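What follows is one structure encoded as structure tokens, with my remarks underneath.
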Number of protein chains: 2
Amino acid sequence: MTSIAFIGLGIMGLPMAKNLVQAGHDVIGFNRSRPAVDRFVEAGGRGADSVAQAVAEADLVFTMVPDSPDVEAVVSGEDGVFANARDGAVWVDFSTIRPDVSVRLAEAANAAGLRALDAPVSGGEAGAIEGALSIMIGGDEDVVEQVRPVLEAVGKTIVRVGPAGSGQTVKAANQLIVAGTIQLVAESLVFLEAYGVDTTAAIEVLAGGLAGNRILDRKAASMVKHEFEPGFRIDLHHKDLGIVTSAAREAGVVIPLGALTAQIMGAARQKGYGSLDHSALLLLVEELSGRGSDA
Amino acid sequence: MTSIAFIGLGIMGLPMAKNLVQAGHDVIGFNRSRPAVDRFVEAGGRGADSVAQAVAEADLVFTMVPDSPDVEAVVSGEDGVFANARDGAVWVDFSTIRPDVSVRLAEAANAAGLRALDAPVSGGEAGAIEGALSIMIGGDEDVVEQVRPVLEAVGKTIVRVGPAGSGQTVKAANQLIVAGTIQLVAESLVFLEAYGVDTTAAIEVLAGGLAGNRILDRKAASMVKHEFEPGFRIDLHHKDLGIVTSAAREAGVVIPLGALTAQIMGAARQKGYGSLDHSALLLLVEELSGRGSDA
């Protein structure tokens, strides 16, 4: 039994923390808004009133918050992780943030006597609930092996991809592929509907060939039904595509499809779809094609 | 045992025809260039010297040729399928061609006393060899059910998606998704390499999450090794993206990612990569990013 602090009990964090409790760990959770903490306590976890209280006795500190500034806010300052965690504790950040920020914070964690991993995840809410996330980890190999048994409660594919920050770099690529694939599926669905093809049959046969992908498997059917409850919000994916495009630009890597996808995601956000699931890119394609509800 | 004529023994057609022989059918093959016929005969098939000879006794006529004009050449004229096939024979076209041409040829087949299905496939050379293709079929349901037991020797996912031409429409969407996914994976790999990430580990973890797709599963490893033996040639995928973009345009469907992908495929062709596998889109991204062999 490992003593774990889990900070950030949102759409992803709460089911992940619950799975850690299910696996027999002592988990104390903290969230900025209290109702999430209450839900976690109902599920068998312990609740904390502050980050400081949550991390005080923990061997492992997990964070799962929306963006780079949120991670900085949680780890820094008098009430933060760095000032209050035990010496030698391991901090694992599941959040998706800028790789350069991740590297800088790992160094700050080391200076504060902690060891750090960046460990962003993929697989969505369903993957979090099923404990079947894909976890891409940057950091020292021995630390990865130390926490791997615990991570197996939340993830199915757990892979170290390189030194600190590498997890975030791979997650950036992940978000590029996911957003682009959603857009490709959206364009295809509108195209098929325009030609009167049976989209349910088409999704089945597309999924069985070289076009097969996780978006066709998990999201295409709900896209056809216009069900866009998040899931993963367009606002957050827009943030992530900002990370991808600026990281690619800094490295001199030209990503034409990634750049256009980022523009499209931004347009969907401006259109007011920010709080819908990222698969709502379909709505924009429908509107551009004169087939939308407001057409 | 069904008597089958198989016309077009190329990268896809030859292994498909062999699988039909393996399944116990009497298959007579024809190909414009003779060596492919010889290879088929070595594998236990029968060889024909002309289309007319191949189809004369067949219950089923299968065609698998590169493009719309090739299909027209094979079915039309004195030596063609329509003039020489038995009354009541079923013509199944596995080729990827324009949906409108497919509809017109199905009507001509009916007028000639044949029944017709458009049945383009996906899954690549590997899928053809394994008999595991995805087959998207347009045409009458009773004809589909009549030939389904035979198709099971070449395909795993066999789905009727609508009336004549619908198979080609779904295949167009398939080619849009495949090309776009290759480009997304290519951009991601160059991005990861620029940041010194372990690409083999990254491919594994990306494949396990929401970014998971058949290109990551089947092609990313060979892309990293710069192995671009076709497979499916850029020249042919360029032809297919011409079908997609013009069919989308005719239907008033806006496909920004599809259009950009078509431009990129065209650029790869102009660059001289037409005879390489479509995964060679990677080379273009590398060159644009100053990381190519000619950079």
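The values are calculated or read from the model by the stated rules, or taken from the named source; none is laboratory data. Since the structure is predicted, the reported quantities are computational estimates derived from the model, not experimental observations. Quick reminder, even Gly has a Cβ in these numbers, built from the backbone with ideal geometry, and neighbours come from all protein chains shown. Quick note on the areas: whole protein, heavy atoms, side chains included, nothing else; ligands and nucleic acids left out. Shrake-Rupley method; radii C 1.70, N 1.55, O 1.52, S 1.80 Å.
Of note:
- Average beta-carbon neighbours from other chains, 10 Å sphere, peptide A:42-54: 0
- Label point distance in nm, B:Glu152-A:Ala111, each placed 7 Å from Cα along Cα→Cβ: 6.8
- In angstrom, the C-alpha Rg and Dmax of region B:3-162 are 13.8, 38.
- In region B:220-283, trypsin sites (Lys or Arg not before Pro) in a DSSP loop with at most 10 other beta-carbon atoms within 10 Å: B:Lys225
- Cβ-based charge dipole, the protein assembly as shown, positive-most Cα from A:Val121, A:Gln175, A:Ala221: A:Gln175
- As a fraction of the 1.4 Å probe accessible area of the protein assembly as shown, surface on carbon and sulfur atoms comes out at 48 percent.
- Per principal axis, descending, Cα span of region B:1-92 in whole Å: 30, 26, 19
- Using only alpha carbons, the protein assembly as shown has a radius of gyration to Kirkwood radius ratio (Rg to Rh) of 1.05.
- The residues of the protein assembly as shown expose on average 36 square angstrom of accessible surface per residue, using a 1.4 Å probe on protein heavy atoms.
- Inter-chain neighbour count for A:215-226: the average number of beta-carbon atoms from partner chains within 10 Å of each residue's beta-carbon is 1.
- Per-residue mean of C-beta atoms belonging to partner chains within 10 Å, peptide A:273-286: 1
- Ellipticity estimate at 222 nm from DSSP helix runs (n ≥ 4, -39,500 (n - 2.57)) divided over chain A, nearest 500: -15500 deg cm²/dmol
- Chain B: most fluctuating residue of B:Thr261, B:Thr63, B:Thr199 per GNM, C-alpha cutoff 10 Å: B:Thr199
- Label-to-label distance, nm, for residues given as A:Gln263 and A:Val224 (7 Å Cα→Cβ offset): 3.1
- Accessible area buried by the pairing of B and A, both sides summed with a 1.4 Å probe, works out to roughly 5700 Å².
- For region B:169-288, the Kirkwood estimate of the hydrodynamic radius, built from every pair of different alpha carbons, is 14.6 Å.
- Look at the dipole of the protein assembly as shown built from charges on Cβ: of A:Gly196, A:Gly209, B:Ile243, the Cα furthest out on the positive end belongs to B:Ile243.
- For region A:1-109, applying the loop criterion from DSSP together with a ceiling of 16 other beta carbons within 10 Å to the GluC sites (Glu not before Pro) yields A:Glu57, A:Glu78.
- Prolate is the label for chain B, because a/c, from the alpha-carbon gyration tensor with a ≥ b ≥ c as root eigenvalues, is 1.5 or above and a/b exceeds b/c.
- Length-normalised contact order for chain A - Cα pairs under 8 Å, 6+ apart - percent: 13
- Dipole magnitude for the protein assembly as shown: computed about the Cα centre from +1 point charges on Lys and Arg Cβ and -1 point charges on Asp and Glu Cβ, it is near 280 debye.
- From the alpha carbon centroid of region B:73-90 to that of region A:52-115 is 72 Å.
- Across B:Lys18/B:Lys219; B:Lys18/B:Lys271; A:Lys171/B:Lys219; B:Lys171/B:Lys219; A:Lys18/B:Lys156; A:Lys171/B:Lys156, pairs whose alpha-carbon gap is larger than 28 Å: B:Lys18/B:Lys271; A:Lys18/B:Lys156; A:Lys171/B:Lys156
- For A:Gly212, residues with placed amide H under 5 Å, excluding near neighbours: B:Arg214
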